[in-house]
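So the structure is just underneath, and the comments pick up after that.
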Amino acid sequence: MKQTKQIAVGGVKVGGGAPVAVQSMTNTDTRDADATLAQIEALAGAGCHIVRCAVPDMQAAEALRTICAKSPIPVVADIHFDYRLALASIEVGVQKIRLNPGNIGGADRVHEVVRAAKARRIPIRIGVNSGSVEKEILARFGGPTPEAMVESALYHVKLLNDCNFDDICISIKSSSVPDTMRAYLLAHEQTDYPLHLGVTEAGTEYMGTVKSAAGIGGLLALGVGDTIRVSLTDDPVKEIYAANAILKAVGRNDDGINVVSCPTCGRTRIDLIGIAKEVEQRCASIHGKKLKVAVMGCAVNGPGEAREADLGIAGGAGEGLIFRKGEIVRKVPQDELVDALMEEIERS
Ligand code: SF4
């Protein structure tokens, strides 16, 4: 796995082998500091490490003063086009800015933003997506191809490098999963800067999670990516649940309980779907334990199929077995199965 350069977003390290940081973006009006802080608290509680806030005007930049002072996690200012908003956000204490230096109106302004970012030691994320590629690059590549998006990102990188600045992170997002993956793989080959992964405009909860799992999860499984943001047209807290599930699925977050469950079949004689959902829900808040828990429908095949699990349930007719490392430890009625399993988890 290629080691990327490490940057620091407040106290959160990104890249260089640091654990993959989970990000989200508030969807409150940033000018409403109380509402934005309430959402940041909820995101942090769900496991978000870094949060981004839109900065559409000076009032929003000023509200970031309160937000940054009270936020439990580092705050990133999302800036488009207006370098004065970047300067104001840096001044009030954000720990990173997302800005494309080629879009802020000239080299003098890039120098000014870089000077301010350097003085506060805060990184800049270059965020390219299929809609932001420069006209000249689009013409050369015939559209927002993955190659065009990478070229655009490297153009913005060069503008910062020309100011002797390399505290940089890059994102290259498309709403197409294959294009997103290809772009990140190319960027991974061509640069050492940490990569912020995401599939943009991924959609509502179900499809957005599927697209993000395919794109972000696929890249992470290949060893590409340093921080991730799942984009959902929904409550941002759901982005954190999805992001953490993706990290778990690709083995990049082994904190907590990894619940596996069988798909049920004609041998199932208990309400395994209900039991599996309850186990998953009750295990979601357990941290600091690394356990694999199997929820299996069948007493005959269950323990055998899930022998590598630390603990598990194997259903029978109206009752079930609790097993540990493939060995049966208890037989309990169906309605006591989940409680009995949770007791065993607590004991582990
Ligand atoms: Fe069927 Fe048993 Fe396998 Fe579940 S564990 S799918 S019930 S055979």
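The values are calculated or read from the model by the stated rules, or taken from the named source; none is laboratory data. All of these numbers come straight from a predicted model, not from anything done at the bench. Here the Cβ positions follow ideal geometry from the backbone for every residue, glycine too, while neighbour counts run over all protein chains shown. The protein model used for the area step is the full one, side chains on, heavy atoms only, and it has no ligands, DNA or RNA in it. Shrake-Rupley method; radii C 1.70, N 1.55, O 1.52, S 1.80 Å.
Data table
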{"read-out": "Residue satisfying all of: in the range 305-333; near the ligand (Cβ under 9 Å from one of its atoms) and modelled with pLDDT under 85; surrounded by the most Cβ atoms within 10 Å (Cβ to Cβ) among these", "value": "Ala306"}
{"read-out": "Number of positions in the range 168-189 that are under 25 Å from Arg121 (Cα atoms) and touching a helix residue (DSSP H, G or I) at 6+ places or on another chain (Cβ under 7 Å)", "value": "4"}
{"read-out": "Entirely in the range 227-339, the helices (runs of 4 or more DSSP H) that have 3 or more residues that are within 26 Å of Val14 (Cβ to Cβ)", "value": "236-249"}
{"read-out": "From Ala242, Ala249, residue being more than 15 Å from the ligand (Cβ to nearest atom), among the aliphatic types (A, V, I, L, M), open to solvent by 50 Å² or more (accessible area, probe 1.4 Å) and under 30 Å from Leu185 (Cα atoms)", "value": "Ala249"}
{"read-out": "Residue within the range 204-217 that is of a type in the set (Ser, Thr, Tyr), under 19 Å from Ser24 (Cα atoms) and in contact with a helix residue (DSSP H, G or I) (Cβ under 7 Å, 6 or more places away or on another chain) present", "value": "yes"}
{"read-out": "Residues that are open to solvent by less than 90 Å² (accessible area, probe 1.4 Å), within 16 Å of the ligand (Cβ to nearest atom) and within 17 Å of Asp339 (Cα to Cα), drawn from the range 262-288", "value": "Ile270, Asp271, Leu272, Gly274, Ile275, Ala276, Val279"}
{"read-out": "Residue within the range 82-95 that is of a type in the set (Phe, Trp, Tyr), more than 22 Å from Gly11 (Cα to Cα) and surrounded by fewer than 20 Cβ atoms within 10 Å (Cβ to Cβ) present", "value": "no"}
{"read-out": "Any hit, the range 52-72, residues being assigned by TED's automatic domain parsing to the domain that holds Glu239, under 20 Å from the mean Cα position of the chain (by Cα) and on the phi > 0 side of the Ramachandran plot", "value": "no"}
{"read-out": "Verdict on Thr209 being polar (S, T, N, Q), open to solvent by 40 Å² or more (accessible area, probe 1.4 Å), modelled with pLDDT of 95 or more and more than 16 Å from the ligand (Cβ to nearest atom)", "value": "yes"}
{"read-out": "Test: residue in the range 247-266 that is within 30 Å of Gln6 (Cα to Cα), modelled with pLDDT under 90 and of a type in the set (Asp, Glu)", "value": "yes"}
{"read-out": "Residue that is touching a residue at least 24 places away in the same chain (Cβ under 8 Å), open to solvent by 20 Å² or more (accessible area, probe 1.4 Å), under 24 Å from Asp192 (Cα atoms) and in the same structural domain as Ser71 (by TED's automatic domain parsing), where the choices are Asn129, Asn100", "value": "Asn129"}
{"read-out": "Given (1) open to solvent by 40 Å² or more (accessible area, probe 1.4 Å); (2) touching a Gly at 6+ places or on another chain (Cβ under 8 Å); (3) assigned to a loop (DSSP other than H, G, I, E, B), index of the condition Pro56 fails", "value": "(2)"}
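Yes/no per residue for (1) in contact with a Pro (Cβ under 8 Å, 6 or more places away or on another chain); (2) among the β-branched types (Val, Ile, Thr); (3) assigned by TED's automatic domain parsing to the domain that holds Met207; (4) closer than 20 Å to Gly215 by Cβ:
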| position | (1), (2), (3), (4) |
| --- | --- |
| Phe141 | no, no, yes, no |
| Pro144 | no, no, yes, yes |
| Lys158 | no, no, yes, no |
| Asp167 | yes, no, yes, no |
| Ser171 | no, no, yes, yes |
| Ser174 | yes, no, yes, yes |
| Asp179 | yes, no, yes, yes |
